[in-house]
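The values are calculated or read from the model by the stated rules, or taken from the named source; none is laboratory data. As the structure is a computational prediction, the values presented were derived from the model and not from experiment. Cβ: placed from backbone, ideal geometry, glycine included. Neighbour counts: every protein chain shown. With ligands, DNA and RNA removed, areas are computed over all heavy atoms of the protein, side chains included. Shrake-Rupley method; radii C 1.70, N 1.55, O 1.52, S 1.80 Å.
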Amino acid sequence: MHAEYWGVMLFIRLSWIFGQAGWGLGIVIILLSCVVTTITCLSMSAICTNGIVRGGGAYYLISRSLGPEFGGSIGLIFAFANAVAVAMYVVGFAETVVDLMKEHSVIMVDTLNDIRIIGCITVVLLLGISVAGMEWEAKAQLVLLVILLAAIVDVFVGTFLPATDDKKSKGVFNYNSQIFLENFAPDFRGQETFFSVFSIFFPAATGILAGANISGDLKDPQAAIPKGTLLAILITGVTYLGVAICVSACAVRDATGNVTDLITPGVPCNGPAMAACELGYNFSSCATTKCDFGLNNNNQLMTLVSAFGPLIIAGTFSATLSSALASLVSAPKVFQALCKDNIYKALHFFAKGYGKNNEPIRGYILTFIISVAFILIGDLNVIAPIISNFFLASYALINFSCFHASYAKSPGWRPAYKYYNMWLSLLGALLCCVVMFIINWWAALLTYAIEILLYVYVTVKKPDVNWGSSKQAVSFVSAVSNALDLMGIEDHVKNFRPQILAMTGSVRDRPALLDLANSLTKNYGLCLSCEVFVGPRSEALEEINACMEKNQLWLTKTKRKAFYTAVACEDFRAGAESLLQVSGLGRMKPNTLLMGFKSNWRNSSKETVQCYAGIMHDAFDFELGVLILRMNHGLDMSHIVEAEEEMLKAAKEQQTLESGMTPNGGKAKGLFRKSRKHSQQVLTTRVSVCGPPPPQIAKMNEQLMEASVQFKNKQPKGTIDVWWMFDDGGLTLLLPYILTTRKKWKDCKMRIFIAGQPERSELDKEEMRALLQKFRINCTDINVIDDIHMPPRSESLKKFEEMIEPFRLHKSRDSEQDEDRQKEQPWKITDEELRTFEEKTNLQIRLNELLLANSRAANLIFVSLPIARKESISDYLYMAWLDILTQNLPPTLLIRGNHKSVLTFYS
């Protein structure tokens, strides 16, 4: 058994505690401490037996159960509490030495400064033993334990020996029922209350974590910690109660120490020690003058009660020094475990260990400095409540950890120790918190404020650790439960949220697309970044599995709130169709498709163009809205990402060659749409491939890099222009409004452009303003375009005709030949098709002219996406419409809802 379980309170404060509280409330204080520690021990035992326990004590238990946020905050507090505990035990030792010096009239300066001097010398010696290693500490503890046991026996023996006149004059008699009854009721003096006395005693019960604190040095911590700790609580609880009750039955609360203060006929005997009157002693003067002896006054009363006083002094030294030594070892080890986990990067300096036992020398020095700072207080009654506060906070979190892990119902929570109950653990946590606030409300608030600040710090910093905490388990349970709850609720227009499926490929290939999707959905909806791997599934399987983890990790590291998902399919459109159908979970399912504009459609194969247009048709078929983003410099960063990866790979191979190692062969695959198989070229060739590109290409890449982070950065002051040409259910109005609520877009004002008639422009504007007011969308800048149906300029028409010329099927004089050509090339644009859709074509060209005239300086433009009916408009004509509509503009988002209302008038 560890000597720390019997602390400094046993010999120099237990009598004072029972003098203040009486043995009635004194028993309550001990039992309350035992209840708190027993519940905590049951919780700790459950956590300890749920896996391998390494060094770090309470920190390790809490961090691995509740995660780094709670573990990191309580780890610092607990390490600090142990460091302060060293000061408390050393001050208790120094106090006993100074009392001995007083008896022999030896004082160096004064009582307080003598305690400080002796305390500082003692902690230096203890530091030397601790630094020597666990072997020395264990041997020292064994010797101290033997002395301590002998001292406890000495107290019990002393209560049965006849009291001398000197002892009687100092308030110590033999067992007496009158004394016992008189000491039953409390007699709080000065500022003391039940809870202030409890706070001074409670550190005596903090030894329950001694085993856990050195868990890294135990052979079988899973078995040793539960058995040892529970047995220790039982033995120490009985010992404290036995010693305290025996002393309460033998000693009065106040005594003068004068052997001549006897009962004299005619002199009244009253005051705080009435039982002494019947035993022949008159301590009435203690009612007016403070006496130095008795339960309430003499901290060394146990020395008087015992059979052999010097053994009690030795026992006091043993209790204080063993506890101080244990805390001096515990604090650096807990702190070292915390620093090794690198949760607080600034503290990683203290993670280094020395010698074969990896001793935390730096931690010892820090603990020494903290201890000395608190030793300088020099008052045990001031230091003890501070420790009680910190230890109670630690115990509260140990109990909460056990409750939380049980509540999460994780399959990984399978403790070998079965004698615990989750609700009892929760009660223990609440009890610790309540007692903290009753003892000292402002200290409790300060402790929790520090804990919350540390918790927030770790949460913001997001350390790169994953311990399978119960917090993760509860998050999963809550997510599934909430998803199931949502399934039982019908969709309502008021609860519409943009849930975007972004066709980004690998998350790094089109970051601008992802950032825009993130801005539209963050805190409002769901963002899924998706990729289609084209080719046989057997070939793509390894690549797709590797990308899932890599891309999600990249999203997390770059703080993009999105999920990554991918499918493998023989055909790109079929893969996209699969994503449209099965992405999401329950109500958390995409309702909007976001794609980049296919700028190279004129140089692409007809199958690729048909696939692109077909995906839009599929999205509308599945009742999704469609968004298409076009940026002047393009969106595709895949070639730059690939070049970076090539460069890194080449550098690694160069390093391998230089170190004389043969690199393992392997096929590198690409990340988007198709498997890219890089050739196994020699290093020099690869370096030349990855060399600097020509100036023109380099400039284009630089512009593309700048554009790729355009939506990630804060937007400059400007406008978001909304060209609302068709009523699509309100999506065209809702999404730009959502952007204006974002911090990055707060300097951008929304402007709305609508089509109207020249003679009723003002009326159209008022109607639109009234509509927006009903929708609760703030926008005062409304513009009516009354010349939208004017024919486009001839140069604009010419540009369009040149654009579609390679895809035209001109009519000839031979009608049969025309029919045959049309059957052979059904994807080409016929003259008849152009005539049929001439008005719609002119509208797109005219819209581009108006956009250039009105929105050239906008930060972002929203334009209603023109719809092409299936099999009535050729894919190339439709792509030409989209191209001419968005040409030479700032970033432009073509948008079309699925004609389901997303805005409502009603509250």
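Some observations on this one:
- Proximal aspartates and glutamates to Lys746, defined as alpha-carbon separation beneath 17 angstrom and excluding residues fewer than eight positions away on the same chain: Asp515, Asp721, Asp781
- With protein chains left intact and a 1.4 Å probe, residues in the stretch 784-840 average 74 Å² of accessible area per residue.
- Note on the stretch 405-553: Rg/Rh from Cα positions, Kirkwood definition for Rh, rounded to two decimals, is 1.08.
- Under 16 Å from Lys799, Cα to Cα: aspartates and glutamates that are on another chain or at least 8 residues apart: Glu838, Glu849, Asp883
- The stretch between Lys870 and Asn381 holds 167.5 nm of extra length on full extension. This uses 0.36 nm per residue minus the Cα-Cα distance.
- Dipole axis of the stretch 767-907 (+1 Lys, Arg; -1 Asp, Glu on Cβ), positive-most option in Ser872, Ser901, Asn854: Ser901
- When DSSP beta bridges are restricted to pairs lying wholly in the chain, around 20% turn out antiparallel.
- The chain, accessible surface, carbon-and-sulfur percent (1.4 angstrom probe): 59
- In whole angstrom, the chain maps to an equivalent ellipsoid with semi-axes of 82, 31, 22, each derived as √(5λ) from the alpha carbon gyration tensor and ordered largest first.
- Stokes-Einstein diffusion coefficient of the stretch 495-628, Kirkwood radius over Cα pairs, 20 °C, 1.002 mPa s, in µm²/s: 142
- For the stretch 568-610 versus the stretch 872-902, the inter-centroid distance based on Cα atoms is 16 Å.
- Entry note: the stretch 725-794 has Rg to Rh equal to 1.02, where both radii use alpha-carbon atoms and Rh is the Kirkwood radius.
- The stretch 495-628 - share of DSSP beta bridges that are antiparallel (%, nearest 5): 5
- Helical mean residue ellipticity (222 nm; -39500 (n - 2.57) per DSSP H run of 4+; nearest 500) of the chain: -18500 deg cm²/dmol
- Count of lysine pairs in the stretch 495-628 with Cα separation under 20 Å (8 or more residues apart, or interchain): 8
- Modelled this way, with points 7 Å down the Cα-to-C-beta line, the labels at Glu802 and Asp491 are 4.5 nm from one another.
- Within a straight-line Cα-Cα reach of under 20 Å, Lys418 can be paired with the following lysines, leaving aside sequence neighbours fewer than 8 residues apart in one chain: Lys227, Lys409.
- The modelled label-to-label distance between Ser605 and Val157, using points 7 Å beyond Cα along the C-beta direction, is 10.1 nm.
- Each peptide in 106-114, 730-738 was scored by the mean count of other Cβ atoms within 10 Å over its residues; highest first, the order is 730-738, 106-114.
- Solvent-accessible area per residue, Å², over the stretch 495-628 with all protein chains present [probe radius 1.4 Å]: 41
- Peptides 489-496, 770-777 ranked from most to least packed, by the mean per-residue count of other Cβ atoms within 10 Å: 770-777, 489-496.
- In terms of packing, defined here as the mean over residues of other Cβ atoms within 10 angstrom, the peptides 249-256, 597-604, 561-568 line up highest first as 249-256, 561-568, 597-604.
- In this Cβ point-charge picture (+1 for Lys and Arg, -1 for Asp and Glu), the chain has a dipole of about 620 debye about its Cα centre.
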